[in-house]
Amino acid sequence: MGFDLSGMNPNMTSPQPELPPMGKDWGDEEWKLYAKYEAWQNENCGVHFRSNVWWWRPLWHFVTTTCDDILTEKDIGEGSFNNGHKISKTKAGKIAKRLYSLIESGKVKEYEEGYKEHLASLEKTDCKTCDATGMRVDPKYSTQLTKSINELETTTRVHNCLQSRGIRTVGELVEMEEIRMFKIKNFGRKSLTELTEKLMDLGLHFKQSNSSSVAGKTKCNMCNGTGMKDDWAKSYPFDADNVRKFANFCANSGGFRIC
């Protein structure tokens, strides 16, 4: 999700150049046309201001807290959605003037430094996707791993051994190393062979000694296998240069629409 702000009556130093046709593969000529269009946009900063959601949220929060006497409550709320809400030319000009003042006084840079210090102070949290294990179920084995040990149809001895150890599912079973299984009372080599064959029928096996990998599971891509994640707040950066770019857009937009 992104935010594409369009100037409603932007100051332009030259007419908009031709855009290459959409819906087809571009060759060298099409990319040259697009490069000219991008250069034109950079020269005419009041035409568009584009931002992904991660950059927009902190920027808009800063704008609304420093320009709350310029914007209405509706303006502030609608700025969090890309539904075409309009900010008038008068308000856009006032926002630009306010931001330029804050930039020149060093307030924006000061805010940026404090913001980054705050983000740096945030501790990592447990990854909820993998329950902080660093491993998540491989979709190919999700059915097998959620099976109850009752579905394995083992002998009574093996079933009782698993019950006594608190092992209820196949997923819990493959977390065990073979050597740890022998620590269960009444569990011997014959029982291990029986369970090994049952797991092989499911395409699984016991956890290997000195290995972090588990059969049927893969490294969690949300935490890169560490079991810990950065606080979500760190996904929302703030940069003083971005404030200046937005101020330039506001000053030259003639009012803008948030889409």
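The values are calculated or read from the model by the stated rules, or taken from the named source; none is laboratory data. As the structure is a computational prediction, the values presented were derived from the model and not from experiment. Cβ coordinates were reconstructed from backbone atoms using ideal geometry, including for glycine residues, and neighbour counts include every protein chain displayed.
Considering only residues that are among the charged types (D, E, K, R), outside any loop (DSSP other than H, G, I, E, B) and at pLDDT 90 or above, which ones fall in segment 125-171?
Matches in segment 125-171: Asp126, Glu151, Arg157, Arg165.
Every residue in segment 215-253 that is over 26 Å from the mean Cα position of the chain (by Cα) and surrounded by 18 or more Cβ atoms within 10 Å (Cβ to Cβ), please.
Residues satisfying the conditions are Ala215, Ala247, Phe249, Cys250, Ala251, Asn252, Ser253.
In segment 45-78, which residues are surrounded by fewer than 18 Cβ atoms within 10 Å (Cβ to Cβ) and either part of a loop (DSSP other than H, G, I, E, B) or not assigned by TED's automatic domain parsing to the domain that holds Val243 (or both)?
The answer is Asp68, Asp69, Thr72.
One residue is enough: does segment 185-192 have a residue meeting the conditions touching a residue at least 60 places away in the same chain (Cβ under 8 Å), surrounded by 12 or more Cβ atoms within 10 Å (Cβ to Cβ) and farther than 23 Å from Asn224 by Cα?
no
Scan segment 149-169 and give yes if some residue there is farther than 18 Å from Thr133 by Cβ, in contact with a strand residue (DSSP E or B) (Cβ under 7 Å, 6 or more places away or on another chain) and surrounded by 13 or more Cβ atoms within 10 Å (Cβ to Cβ), otherwise no.
Among the residues of segment 149-169, at least one is farther than 18 Å from Thr133 by Cβ, in contact with a strand residue (DSSP E or B) (Cβ under 7 Å, 6 or more places away or on another chain) and surrounded by 13 or more Cβ atoms within 10 Å (Cβ to Cβ), which makes the answer yes.
Which of the residues that make up segment 197-239 are free of Cβ contacts under 8 Å to residues at least 12 places away in the same chain and either part of a strand (DSSP E or B) or among the charged types (D, E, K, R) (or both)?
Those that are free of Cβ contacts under 8 Å to residues at least 12 places away in the same chain and either part of a strand (DSSP E or B) or among the charged types (D, E, K, R) (or both): Glu197, Asp201.
Taking into account only those residues within segment 103-133 that are touching a Lys or Arg at 6+ places or on another chain (Cβ under 7 Å) and surrounded by fewer than 18 Cβ atoms within 10 Å (Cβ to Cβ), which is nearest to Val214 (Cα to Cα)?
The qualifying residue nearest to Val214 (Cα to Cα) is Thr129.
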